[in-house]
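Worksheet: the structure to be examined is printed underneath.
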């Protein structure tokens, strides 16, 4: 069993347990507190600006443009460069598809439904914006992208983590998501990319001499 498989088998159950704890015991309290104490402050404006780093349209356009350019120039670019760019683009695309599917299936009420109608929980199978809170799309996209960057450029890991966390926390600050939605998005984006990295850059085992 390889290290990524072991890590996945440990991290996913722990993440699921933490998600449930947040869902039942913390989500409502956190967002109600943010809404009541910071909704008229500068925080939502700052958080909205940070969120734009993972804006759906921006990420999709940049990803599509990069993917098309990579495919058109594949014969001119070094194979290693082409592989890296394809890995980044397909990681983000896969994470978006998985995230959108989960949003539709789970159809969780966004915090605005709690604030205005007192509604909380899952409704299942809906594509309405106010009913697609989990996982956080912004968080999924930024964690997928930053994980891809981290896999390729390890020296930038601290910066990539800060960017991903900033966007994730910004979604709570603007009360577009609950903490568990952000956790779900972070896990979805991270593990989608890690498994695609294993596909694109498989570890070739060393030949060991026989005993």
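Derivation of every value follows stated rules applied to the coordinates shown; laboratory data play no part. As the structure is a computational prediction, the values presented were derived from the model and not from experiment. Ideal geometry is used to build each Cβ from the backbone, glycine not excepted, and the neighbour counts take in all protein chains shown.
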**Report entry** Using alpha-carbon coordinates, inclination of helix 27-38 to the longest axis of the chain, degrees
**Finding:** 70 degrees
Requested in this report: Within 10 Å of each residue's Cβ, count the other Cβ atoms and sort 10, 182, 34 from fewest upward.
Outcome: 10, 34, 182
Report summary line: In the list [x] 1, 7, 13, 18, 19, 15, 11, 7, 4, 3, 1, 1, 0, 0, 0; [y] 1, 7, 15, 19, 22, 19, 11, 4, 1, 0; [z] 1, 7, 12, 14, 14, 11, 8, 7, 7, 6, 5, 4, 2, 1, 0, the entry giving P(r) over Cα pairs in 5 Å bins from 0, in percent computed from the coordinates is [x]
Report task. Please work out whether the range 1-120 counts as rounded, prolate or oblate from its C-alpha gyration tensor, where a ≥ b ≥ c are the square roots of the eigenvalues and a/c under 1.5 means rounded, while otherwise a/b larger than b/c means prolate and anything else oblate? Result -> oblate
Query raised in the report: Of the residues 140, 193, 48, which exhibits the maximal mean-square fluctuation in a Gaussian network model of the chain defined by a 10 Å Cα contact cut-off?
Result: 48
Report summary line: Tilt, helix 79-106 to longest principal axis of the chain (alpha-carbon atoms), in degrees rounded to tens, equals 30 degrees
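How do 30, 92 line up, fewest other C-beta atoms within 10 Å first?
Working: 30 16, 92 28.
So the ranking, lowest neighbour count to highest, is 30, 92.
What list do you get for 154, 110, 83 if you sort them by fewest beta carbons within 10 Å? Don't skip to the end; give the middle numbers.
Working: 154 9, 110 22, 83 16.
In increasing order of surrounding Cβ atoms, one gets 154, 83, 110.
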Query raised in the report: Angle, helix 157-173 long axis vs. longest principal axis of the chain, Cα atoms, 0 to 90°, nearest 10?
Result: 20 degrees
Query raised in the report: What percent do you get for the relative contact order of the range 3-200 when only Cα pairs under 8 Å and 6+ apart count?
Result: 29 percent
